[in-house]
Amino acid sequence: IISWNKEATALTGWSRQQVLGRPMREVVKFIRESDEKENIVFIEEAMLYGEQKTMEEHTLLIRKDGTEIPVGDSAAPVFGSSGEVTGAMIIFRDISKEREAQKIREEIVFQTIHDLRAPSTAIKLAAESYNDAEYLAKHPEALKEGIELIKEANSRMLGLINSLLESARGKAGIVKSERVVLPNIIQGALKELAPVAARKNVKIEYVPQPNLPEVLAHPERLKETFSNLIDNAIKYNKDGGTVTIAHQLEGGFVKTTVQDTGVGISAENFSKLFTPYFRVDGREHIQGTGLGLFIVKKLIEEVGGSITVDSKIGEGTGFTVSLPITG
């Protein structure tokens, strides 16, 4: 080893003084994740062929303390004055976060595709029943019921697809914030959710705070955020319950709380609420993917905000979204 930078020290745990002049394989140990055998073919080929070579996928670096981290990148040949290969420059980086993000993406895609099968099947069965004219003539109510079933299934499918799109956009970092009038966003969400609240006999209480400062966010994604929170507050509420929405100002942020009067969430479930596919025990009868709060948290954090939850069993749950005030 003739050169060693700070990042190499940070990744491997070996200092520059400890490695200079030592054989590379004594310090930089790359192994395959599958069989834990040494994996330096890309370095050897770079020097043999005089071409840049890429590290195999699923390669681990053994650090000085014995811990292992997934790494990726390449090796490039170093040429002498006469054109011969005299060595190689090895470039590697920690890809732990990339691996985790990829895993989440794959899980989201798999779960969403799986969840799409149920509403797709429902639509197919309802549509097939319309081929039986004799049956429909005897049971005219079946036509109306089938249409309602198709509408509900289609609505669920659109929700699943939108959740998948929001997650994909979030991972790609596609977000452009602007000044937003928060009460307008919430009132728009409430207008769309009014029929849902009426069917559940849930009362929604919201009085927009006058002269509320504008916040920094993406309007459409902010509406998706509050639609999700309010929809949950309705779905998980008691029949005849109440959803209360209120704002307060605190330290350069507008804090908005969506409070329901449902059965509440146990303290041990708090840490799991914002993870993909988590569903509160005993709520399997309520449709959903378990992606909603995971996506909400990501959207809020992207604009410099945060979300917290407070709940008491038998009394209800409140989610508080903090968004930065525009300068």
* Asked: Residue-wise, which Karplus ³J(HN,Hα) couplings in Hz belong to the stretch 211-217, taking 6.51 cos²θ - 1.76 cosθ + 1.60, θ = phi - 60°, and x for glycine or proline?
  -> 6, 6, x, 5, 10, 9, 6
* Probe 1.4 Å, all protein chains present, accessible-area order of 124, 64, largest first -> 124, 64
* Asked: Can you give me the relative contact order of the chain as a percent, contacts being Cα pairs under 8 Å and 6 or more apart?
  -> 11
* What is the magnitude of the charge dipole of the stretch 42-126 about its Cα centre, with +1 placed on the Cβ of each Lys and Arg, -1 on the Cβ of each Asp and Glu, and no other charges, expressed in debye to the nearest 20? -> 460
* Under 5 Å between amide H atoms, partner at least 5 residues away or on a different chain: which partners does residue 55 have, H built in plane at 1.01 Å? -> 73, 74, 75
* Structure fact -> Expected vector for the stretch 6-21, Karplus 3J(HN,Hα) from phi with 6.51, -1.76, 1.60 and θ = phi - 60°, integer Hz, x for Gly and Pro, equals 5, 5, 5, 5, 4, 6, 8, x, 9, 7, 4, 5, 6, 10, 4, x
* Asked: Taking a ≥ b ≥ c as the square roots of the eigenvalues of the Cα gyration tensor of the stretch 1-99, is the shape rounded (a/c under 1.5), prolate (a/b larger than b/c) or oblate?
  -> oblate
* Asked: So what's the angle, to the nearest 10 degrees on a 0 to 90 scale, between helix 141-172 and the longest Cα principal axis of the chain?
  -> 30
* To do: Can you tell me the FRET efficiency between residue 105 and residue 269 if r is taken as the Cβ-Cβ distance and R0 is 25 Å, rounded to the nearest 0.05?
  => 0.50
* Structure fact -> Highest mean packing first, using Cβ neighbours within 10 angstrom, the peptides 238-245, 189-196, 77-84 sort as 238-245, 189-196, 77-84
* **For the chain, share of DSSP beta bridges that run antiparallel, in % to the nearest 5** => 90
* Angle between the chain longest axis and helix 182-199 axis [Cα atoms, degrees, rounded to 10] -> 60
* Asked: Using θ = phi - 60° and the Karplus curve 6.51 cos²θ - 1.76 cosθ + 1.60, what whole-Hz ³J(HN,Hα) does each residue of the stretch 45-57 get, with Gly and Pro shown as x?
  -> 5, 4, 6, 6, 9, x, 10, 5, 10, 9, 5, 4, 5
* To do: Report, in deg cm²/dmol and to the nearest 500, the calculated mean residue ellipticity at 222 nm for the chain, where each DSSP H run with n ≥ 4 adds -39500 (n - 2.57) and the sum is divided by the residue count.
  => -14000 deg cm²/dmol
* Positive dipole terminus of the chain, leading residue within 252, 313, 80 (C-beta point charges) -> 252
* Asked: What's the angle, to the nearest 10 degrees (0 to 90), between helix 292-302's Cα axis and the longest principal axis of the chain?
  -> 60
* Measuring with a 1.4 Å probe in the full set of protein chains, what accessible area per residue, in whole Å², belongs to the chain? -> 58
* To do: Calculate what fraction, in whole %, of the accessible area of the chain sits on carbon and sulfur atoms when a 1.4 Å probe is rolled over the protein chains.
  => 54
* Consider the candidate values [x] 205; [y] 228; [z] 155; state which one is volume of the Cα convex hull per residue in Å³ computed from the structure displayed. => [y]
* **Peptides 152-159, 317-324 ordered by average Cβ neighbours within 10 Å, highest first** => 317-324, 152-159
* To do: Give, rounded to the nearest 20 debye, the magnitude of the charge dipole that the chain has about its Cα centre when Lys and Arg contribute +1 at Cβ and Asp and Glu contribute -1 at Cβ.
  => 660
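The values are calculated or read from the model by the stated rules, or taken from the named source; none is laboratory data. Please read all numbers here as calculations on a predicted model, not as lab measurements. Neighbour counts are summed over all protein chains in view; Cβ atoms, including those assigned to glycine, are modelled from backbone coordinates with ideal geometry. Accessible surface is based on the protein model in full, side chains and every heavy atom, while ligands, DNA and RNA are left aside. Shrake-Rupley method; radii C 1.70, N 1.55, O 1.52, S 1.80 Å.
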